[in-house]
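> Can you keep this structure in mind? I'll have questions shortly.
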Amino acid sequence: MSVMSSAAILGQLPIGATRQKSPSPAVAAPQVSRGSVAPGTAKAIAASAGDFRFYWFGLFAVAAWLALGFIALGIPDKPAGFNDVWPYTQEFGMGALVLSALWAVLSVQAGFRRATGVFGRIGAMFRYVAPWIVTIGIFLAVWETLTAKTGVLEPPFFAPPSSLIDIYVSDYARLAESAFNSVKLLLEGVIWGAVIGLAVGVAIGWSRAINYWVHPLLRFLGPLPPTALLPIAFFFFPSSHAASVFLIALATGFPVAILSWSGVASVNKAYYDVARTMGASEWFLIFRVAIPAALPQVFVGLFMGFGASFVVLVVAEMMGVKSGLGWYLTWAQGYAAYVNMYAGLIVMTIIFSSLISLLFSVRDRVLVWQKGTVKW
Amino acid sequence: MVEVLERESEPATSGVASHISINNLSHWFETPTGALQVLDDVNLDIAPGEFVALLGPSGCGKSTLLRLAAGLEPATAGTLTQDGRPITEPDPSRIVVFQDPTLFPWRTVRDNVALGLEAQGILKQEGARVDAALKKVGLQDFAQVYPHQLSGGMAQRAALARALVNNPKLLILDEPLGKLDSLTRLEMQSELVALWRKNGFSALLVTHDIEEALFLAQRVVIFSPRPARIVAEFKVDRPYPRHRGDNVIADLRHEILNCMGLGTSW
Ligand SMILES: Nc1ncnc2c1ncn2[C@@H]1O[C@H](COP(=O)(O)OP(=O)(O)OP(=O)(O)O)[C@@H](O)[C@H]1O
Ligand SMILES: [Mg+2]
């Protein structure tokens, strides 16, 4: 409740101040955000305080995480298998309570509907993600209840969310090394695949002779899943690492080649006429006309190739490479350490989705010129 | 008016303008149904600095003639020469402006205008020409904008700047104003005249608009339906800038309509 009253005070105070300074606070507000953080924030709050309405929905987030904390701390664990109590339940519960308090603060901050600058952006972001925060809180509470507290879902196949903390603390080194090796192997293969795929795609889009020889091969061999070549590749290549790089490159390169080719083939022919009348060389036509014009399609290929490369990476690591997250999963399975497996899967999800997000932001940078025309 | 007289009396220098000579030019396209003739024994001479307009029914072969003059395709029969040298390949001294601006969407307006200098590898030394060209067409404030942010008229102006930056000796215009609204069109006709008079290049214009041809060109050439043959030529001996209400031009318009078999609509 103290939260409420301080909000009310903030709500009263600055109105007079804004009025004195400028007759039009709506106009004054945007200028304010450019200032240094502390005074800028203060002014931003001041300018927008007239519009303060407490963000009531935020209380659902507070309640959900409060409930999670109370369940974790207040209800005793049900003994199951060789565990009497699950580790890190205390820390988990405390963490939930701390976050619950944070949501309360943010609910106040999100009440300043017109605030600008970093302060305003954080408030706006909280308003945007609040439904997800509520959902995740409820999900964790149900999960904790069904596993640690009631034992409806039993070990070793199920474990409470708090036990994941245990894995991340105790098996940190192995997980980090696996993650590092996976990313390294993946990027090695993806970069080779993207570069070669682009080169091949542009070449068959450009040259009739290359098209004659390479296109049928691509059409014939392309649909073969690279994972099917895994056993042969492990046999032919000097190391399982080299074989995996090859297969990941193949998985990435195929869609990149096909889409680069179609991108180059569908370039408006008038662009070439324009460039040629202005004295463009063949080199210029390829690198300054064909490839830039094909880039939107190349990126579609890259997204498809990235997806395919994840599959090959995980399978290769499970089958032959003695490191990486795929290997970690099979290793955990071998010891029936299912909590480790969940921990590994979560790391994998975060890495793969981050890589995809990274590619999205690269695309947005490279294809700024498309803004307003096409968007996917 | 003083300026007009000055320009009129100035002899066209061959340094900035080309003499184009087209002799017994015929052209066929290979099509699935056999050879298609589009040009039939065309003879046309463009004096250095002259502005010639071509009129003719749709699909008769006007654009084809322009592509051959630009050197984008080899002619089947006959010869084209520029200042006595045969035209065999594209060259920055002969620049085409198409009906669509065909700006490269991935380049800013400035980089689009810089295209020719970049392709010829002289952008570093001659970069100032880019800004000069942008200024000529009034786009200096839109240099950093991408083409999709331009209006149709602005895009066509940018295409014009992209052509002019190369200091062409022959400017080839294939219905350059065809897709613009009528007001922008009138405005740009005047700009085109001004640019031509200031720069002194030879110009070869295809248009569907008889008034446009008469407002811009010193000579109007009429083509037959495909395969294109020259059926008539009209000299437009009027000083610039011209007036749309000019009586001589109105009479010429009537004659040309007659010649194209559209006299009854007068
Ligand atoms: N590359 C090509 N291959 C085959 N036929 C072509 C080709 N280019 C043009 N043609 C044909 O040649 C004829 C003349 O075309 P062109 O574009 O020169 O006409 P145009 O006079 O410019 O017409 P418009 O006024 O409509 O622009 C048309 O019948 C067209 O179909
Ligand atoms: Mg045409």
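The values are calculated or read from the model by the stated rules, or taken from the named source; none is laboratory data. In this text the structure is predicted, and so the values were computed from the model without any measurement. So basically every Cβ, Gly included, is an ideal-geometry build from the backbone, and we count neighbours across all protein chains shown. To get the accessible areas, we keep the full protein, side chains included, count just its heavy atoms, and leave off ligands, DNA and RNA. Shrake-Rupley method; radii C 1.70, N 1.55, O 1.52, S 1.80 Å.
> Would you check which residues across the stretch B:93-113 are buried (at least 23 other Cβ atoms within 10 Å of the Cβ) and more than 16 Å from ligand 2 (Cβ to nearest atom) and list them?
Passing the criteria: B:Arg94, B:Ile95, B:Leu103, B:Val109, B:Asn112, B:Val113.
> If B:Phe29 satisfies every condition in (1) more than 16 Å from ligand 2 (Cβ to nearest atom); (2) aromatic (Phe, Trp, Tyr); (3) more than 16 Å from A:Tyr272 (Cα to Cα) but one, which is the exception?
(1)
> I've got another one for you. Any idea which residue in the stretch B:59-92 is most open to solvent (accessible area, probe 1.4 Å), counting only those that are at the interface with another protein chain (Cβ under 9 Å from one of its Cβ atoms) and more than 12 Å from ligand 1 (Cβ to nearest atom)?
Of everything passing the filter in the stretch B:59-92, B:Glu89 is most open to solvent (accessible area, probe 1.4 Å).
> Let me ask something additional. Among the residues of the stretch B:49-58, is there at least one that is away from every other protein chain (no Cβ under 14 Å), among the acidic types (Asp, Glu) and open to solvent by 10 Å² or more (accessible area, probe 1.4 Å)?
Restricting attention to the stretch B:49-58, the residues satisfying the condition of being away from every other protein chain (no Cβ under 14 Å) are B:49-58.
Checking the rest, the ones that are also among the acidic types (Asp, Glu) come to B:50.
Applying the additional criterion that residues be open to solvent by 10 Å² or more (accessible area, probe 1.4 Å) yields B:50.
For the stretch B:49-58, residues away from every other protein chain (no Cβ under 14 Å), among the acidic types (Asp, Glu) and open to solvent by 10 Å² or more (accessible area, probe 1.4 Å): present.
> If you don't mind, there's one more thing I want to ask. Condition test on B:Glu126, is it open to solvent by 10 Å² or more (accessible area, probe 1.4 Å), away from ligand 2 (no atom under 16 Å from the Cβ) and in the same structural domain as B:Phe215 (by TED's automatic domain parsing)?
On the way: open to solvent by 10 Å² or more (accessible area, probe 1.4 Å): yes; away from ligand 2 (no atom under 16 Å from the Cβ): yes; in the same structural domain as B:Phe215 (by TED's automatic domain parsing): no.
No; evaluated as a whole, the condition is false for this residue.
> When you scan the stretch A:224-300 for helices (runs of 4 or more DSSP H) that lie fully inside it, which ones turn up with 1 or more residues that are of a type in the set (S, T, N, Q) and more than 14 Å from chain B (Cβ to nearest Cβ)?
Numbers: elements: A:230-236, A:240-265, A:269-277.
Per the criteria, A:240-265.
> Of all the residues that make up the stretch B:55-81, how many are near ligand 2 (Cβ under 9 Å from one of its atoms) and part of a helix (DSSP H, G or I)?
Final tally of qualifying residues: 4.
> Could you look through the stretch B:142-161, keep only residues that are at the interface with chain A (Cβ under 9 Å from one of its Cβ atoms) and open to solvent by 10 Å² or more (accessible area, probe 1.4 Å), and pick out the one that is farthest from B:Pro105 (Cα to Cα)?
To start, the set of residues in the stretch B:142-161 that are at the interface with chain A (Cβ under 9 Å from one of its Cβ atoms) comprises B:146-149, B:159.
Imposing the further condition that a residue be open to solvent by 10 Å² or more (accessible area, probe 1.4 Å) reduces the set to B:146-149.
Numbers: B:Tyr146: 7, B:Pro147: 6, B:His148: 7, B:Gln149: 10 Å.
Selected residue: B:Gln149.
> Taking only pairs six or more apart or across chains, which ones have beta-carbon atoms under 6 Å, a first residue in the stretch B:169-184 that is closer than 24 Å to B:Ser202 by Cβ, and a second residue that is among the hydroxyl-bearing types (Ser, Thr, Tyr) and within 16 Å of ligand 2 (Cβ to nearest atom)?
B:Asp174/B:Ser63; B:Glu175/B:Thr207
> Among A:Gly253, A:Gly263, which is the only one that is in contact with a helix residue (DSSP H, G or I) (Cβ under 9 Å, 6 or more places away or on another chain) and either over 30 Å from A:Leu325 (Cα atoms) or outside the structural domain of A:Val300 (by TED's automatic domain parsing) (or both)? Steps first, please.
On the way: A:Gly253 fails: either over 30 Å from A:Leu325 (Cα atoms) or outside the structural domain of A:Val300 (by TED's automatic domain parsing) (or both).
Residue meeting the stated conditions: A:Gly263.
Yes/no per residue for (1) open to solvent by less than 20 Å² (accessible area, probe 1.4 Å); (2) out of contact with any Pro (no Cβ under 9 Å at 6 or more places or on another chain); (3) more than 16 Å from A:Leu186 (Cβ to Cβ):
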residue	(1), (2), (3)
A:Phe234	no, yes, yes
A:Phe237	no, yes, yes
A:Ser244	yes, yes, no
A:Ile248	yes, no, no
A:Ala257	yes, yes, yes
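> Are any residues in the stretch A:136-193 among the basic types (Lys, Arg) and surrounded by 17 or more Cβ atoms within 10 Å (Cβ to Cβ), and if so, which ones? Outline the logic, then answer.
Step one: list which residues in the stretch A:136-193 are among the basic types (Lys, Arg), which gives A:149, A:174, A:184.
Residue satisfying the conditions is A:Lys149 alone.
> Pull up the stretch A:322-356, narrow it to residues that are among the polar types (S, T, N, Q), free of Cβ contacts under 8 Å to residues at least 60 places away in the same chain and open to solvent by less than 70 Å² (accessible area, probe 1.4 Å), then point me to the one that is farthest from the other protein chains (Cβ to nearest Cβ).
To start, the set of residues in the stretch A:322-356 that are among the polar types (S, T, N, Q) comprises A:323, A:330, A:333, A:340, A:349, A:353-354.
Remaining after also requiring free of Cβ contacts under 8 Å to residues at least 60 places away in the same chain: A:330, A:333, A:349, A:353-354.
Next cut, open to solvent by less than 70 Å² (accessible area, probe 1.4 Å) only: A:330, A:353-354.
On the way: A:Thr330: 45, A:Ser353: 28, A:Ser354: 27 Å.
Top of the filtered list is A:Thr330.
> Another question, then. If you go through the stretch B:99-128 one residue at a time, how many are facing chain A (nearest Cβ under 7 Å), within 18 Å of A:Gln370 (Cβ to Cβ) and among the polar types (S, T, N, Q)?
The total comes to 1.
> When you scan the stretch B:22-39, how many residues do you find that are surrounded by fewer than 19 Cβ atoms within 10 Å (Cβ to Cβ) and more than 8 Å from ligand 1 (Cβ to nearest atom)? Working first, answer last.
Taking the stretch B:22-39 first, the residues surrounded by fewer than 19 Cβ atoms within 10 Å (Cβ to Cβ) are B:23-24, B:26, B:28-37.
With the extra rule that they be more than 8 Å from ligand 1 (Cβ to nearest atom), the set shrinks to B:23-24, B:26, B:28, B:32-35, B:37.
Total satisfying the criteria: 9.
> So, restricting to helices (runs of 4 or more DSSP H) that lie completely within the stretch A:60-177, which ones have at least 2 residues that are modelled with pLDDT of 95 or more? I'd like the intermediate steps shown before the answer.
On the way: elements: A:89-109, A:117-144, A:161-170.
Fully inside the stretch A:60-177 and qualifying: A:89-109, A:117-144.
> Now for a different question. Scan the stretch A:295-320 residue by residue and report those that are of a type in the set (Val, Ile, Thr) and either open to solvent by 40 Å² or more (accessible area, probe 1.4 Å) or touching a Phe, Trp or Tyr at 6+ places or on another chain (Cβ under 6 Å) (or both).
Taking the stretch A:295-320 as the starting set, the residues that turn out to be of a type in the set (Val, Ile, Thr) are A:298, A:300, A:311-312, A:314-315.
If the condition is that a residue be of a type in the set (Val, Ile, Thr) and either open to solvent by 40 Å² or more (accessible area, probe 1.4 Å) or touching a Phe, Trp or Tyr at 6+ places or on another chain (Cβ under 6 Å) (or both), then A:Val300, A:Val311, A:Val315 are the ones that fit.
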